[in-house]
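The values are calculated or read from the model by the stated rules, or taken from the named source; none is laboratory data. Values in this document were obtained by computation on a predicted structure and should not be read as measured data. A quick note on method: Cβ atoms are made from the backbone with ideal geometry, for glycine too, and the neighbour counts reach across all protein chains shown.
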Amino acid sequence: MGVSGWMDGTSTATASLKLVTTTGTGTAAKTTKTAVKGAVSQVSGCNVVFALDTTATKLAEGSSYEFTLSGVPTTESAAGGAAMALGSAVLSVGKVATGGFGYSSAQLFNALAAQTAPTGKDLLEFSTAVATVSRGTYTKGAVCIQPASGNFKAAVSASVQGTAFKTFPASLSAKMGQASACADMGTGSGTQMSTHCVRWSVVNGTASYTALPTQMVTVNGATATINVPDKVTCSLGGSSVPIVVTASAVPFSDVKVSLTTSIADDEKKTDNSVGITPNTGEVVTLKVGEN
């Protein structure tokens, strides 16, 4: 597991270390925090390495230090926020060359449940943790957004970032009072079959709701079918006959279907379409949003 925002570069992990000293006692006690030079040198998954500056090669034994990690995104779901106190943080002290010499583990405590949403805002989330789409087509109702609790308290709209994944309609919009907003989602036929991280932008409603988390979208190779009639009845010397063309799934890009003559594979290359002349340029186009 990892922090999606750190992995895709949309957020940055920063950290600081301070030496904490207290002089005096009781009401006369005075606490001083002195910054220790250093910076984040490595981020991997949920792990962050804070390296001391060359001018700060030692930590004072028996002293107190305050370590602050910033750039940690808001929890991605209401369930995750409520369970923050059940997690744990591990702080290791050591050398880059030889590894950690000591480890400190502590529960995150109840105060960190406040990582749900800022004051005045509600958490916005996806109805399912992972969406599944088939490349080359749109999957009906593949993605839905909703408040973590209750119905929408304000109008909200959101859209996918980038061009690899698209929704139909292009923007998910919900009015105040709605429970959710859904859309079809699709991707091109050349998209790799794997699980992708898809980023979203909340276009309207940012005053009332948090940003959407990174969405996990699994792309499979299931193929759709273009359906045409197995036979039609024509009148000799008559006019054209309408042919209905459908698809089992909405195409990600326009699909063109043409009627051509049928030539057999025998030695004579028999023309099975004798007497039938397909109109030149007669093309059926299945457009995005139609099947």
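In the set (1) surrounded by 15 or more Cβ atoms within 10 Å (Cβ to Cβ); (2) at pLDDT below 95, the condition left unmet by ALA207 is number (1). Looking at region 65-150, the strands (runs of 3 or more DSSP E) lying wholly inside it that each contain 3 or more residues that are more than 23 Å from the chain's Cα centre (by Cα) and at pLDDT below 65 sit at 99-107. Elements of the type strands (runs of 3 or more DSSP E) sitting completely within region 156-231 and holding at least 1 residues that are farther than 29 Å from LYS256 by Cβ: these cover 156-160, 172-174, 181-187, 195-198, 200-204, 215-220. Among residues of region 181-199 that are among the hydroxyl-bearing types (Ser, Thr, Tyr), those with a Cβ under 7 angstrom from a residue that is exposed (fewer than 15 other Cβ atoms within 10 Å of the Cβ) and modelled with pLDDT of 90 or more, sequence gap 6+ or separate chain, pair up as THR195/THR218. For region 30-70, a tally of residues being farther than 19 Å from SER11 by Cβ and polar (S, T, N, Q) returns 8.
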